[in-house]
Amino acid sequence: GLASLLALKTATSLIRDHRADAMVTAPICKEHVHLAGLKFPGHTEFLCHEFKVKKFAMMFCAPQFRVVLSTIHVPHRDVPKLLTTDLVFDKLMLTAQALQSLFKIKHPRIAVCGLNPHAGENGLFGDEEARVILPAMKKFAHTKLGRTTTLVGPLPVDSVFVDVSQNKFDAILCHTHDQALIPLKLLARDKAVNMTLGLPFVRTSPAHGTAFDIAGKNKANPQSMIEAIKLATRLT
């Protein structure tokens, strides 16, 4: 844990001193770095604190699609109270900005997922779609970014990844960890890359954890780390 924390602080110093252009972080054990003194949930929160970034988002990039999360590591029971119109709006802004500035997509197409089954079925299974998500989409549509971005939704999350696999969208906004990560790890477990939107530099990482259970057994697949390095190089 201490070695991980010292490496992270060194990487942060290299970025701040303009001796590095991008940061690729390896997986860390959150329990161990907490014991070593890191008082944040993980890399992302630490980096945002260090660079005074208040609005950020987690994007996962795979060969087939890109997906952004509104909420990340929180209990499912807390999602409805955390999912606000301002939060969804901020994630849409960060997603569109990244697609235009980093991925050079002039007119991004973003699929916006619903929170509930069948995107609420017109209020039958929940009202977050009408009460929270649609107002955020309408607010975004009136911005400068909104005039060059196409939003579609709220869409049922159980079918949206089919549309994305057919290249109908450039990114998806999901609202819970499992909405995004289950299809991601099913379709692109070894090639997916996590990146942090909102930082003043490119930061990527593999889309998996430490896997201590296979450490030293010559079983680990390095592909996600390789893809993280390649993506950071391409975007810098």
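The values are calculated or read from the model by the stated rules, or taken from the named source; none is laboratory data. As the structure is a computational prediction, the values presented were derived from the model and not from experiment. Every residue, glycine among them, receives a Cβ derived from its backbone with ideal geometry; neighbour counts consider all protein chains shown. Calculation scope for accessible area: heavy atoms of the full protein, side chains included, ligands and nucleic acids excluded. Shrake-Rupley method; radii C 1.70, N 1.55, O 1.52, S 1.80 Å.
Calculate the tail of P(r) for the range 1-137: the fraction of all Cα-Cα distances greater than 28 Å, expressed in %.
Details: 2954 of 9316 pairs.
Result for the distance tail: 32 percent.
Suppose the chain between Gln97 and Leu124 were pulled fully straight at 0.36 nm per residue; how much longer would it get relative to their current alpha carbon spacing?
Fully extending the segment from Gln97 to Leu124 adds 6.3 nm.
Net charge around His73, counting only other residues with Cβ within less than 12 Å of its Cβ (Lys, Arg = +1; Asp, Glu = -1)?
Numbers: positive: Lys30; negative: Glu45, Asp78, Asp178.
Result for the local shell: -2.
Just read off the accessible area of Thr143 with the full protein assembly in place, 1.4 Å probe, to the nearest 10 Å².
Here the accessible area works out near 30 Å².
Which one is right for this structure if Kirkwood radius over Cα pairs in Å is calculated from it: (1) 17.8; (2) 21.1; (3) 18.6?
(3)
Provide the gained length on full extension for the span Leu6 to Thr210, in nm with one decimal, where the gain is 0.36 nm per separating residue minus the Cα-Cα distance. Display every interim value, and only then the final one.
On the way: separation 204, 0.36 × 204 = 73.44 nm, distance 1.70 nm.
Stretched fully, the Leu6-Thr210 segment lengthens by 71.7 nm.
Just flag the GluC sites (Glu not before Pro) in the range 95-139 sitting in loop per DSSP whose Cβ has no more than 13 other Cβ atoms within 10 Å.
Taking the range 95-139 and a limit of 13 other Cβ atoms within 10 Å, the loop GluC sites (Glu not before Pro) found are Glu121.
Put Thr236, Thr149 in order of accessible area, largest first, 1.4 Å probe: what do you get?
Working: Thr236 90, Thr149 15 Å².
Putting Thr236, Thr149 in descending order of accessible area: Thr236, Thr149.
Enumerate the residues in the range 192-236 having an amide nitrogen under 18 Å from the point lying 7 Å beyond the Cα of Leu35 toward its Cβ.
Counting backbone N atoms under 18 Å from the label point, the list is 210-215.
Where both partners of a DSSP beta bridge lie in the chain, what percent of those bridges are antiparallel, to the nearest 5? Mind dumping the intermediate values first?
Values: 12 of 25 bridges.
Bridges in the chain that DSSP calls antiparallel: roughly 50 percent.
With +1 on the Cβ of every Lys and Arg and -1 on the Cβ of every Asp and Glu, and nothing else charged, how large is the dipole of the range 1-142 about its Cα centre, in debye rounded to the nearest 20? It would help to have the intermediate numbers written out before the result.
On the way: 18 positive and 12 negative charges, 87 e Å.
Rounded to the nearest 20 debye, it is 420 debye.
Could you work out the pair-distance distribution P(r) of the range 69-202 from its alpha-carbon pairs, with 10 angstrom bin width and percents rounded to whole numbers?
12, 44, 37, 7, 0
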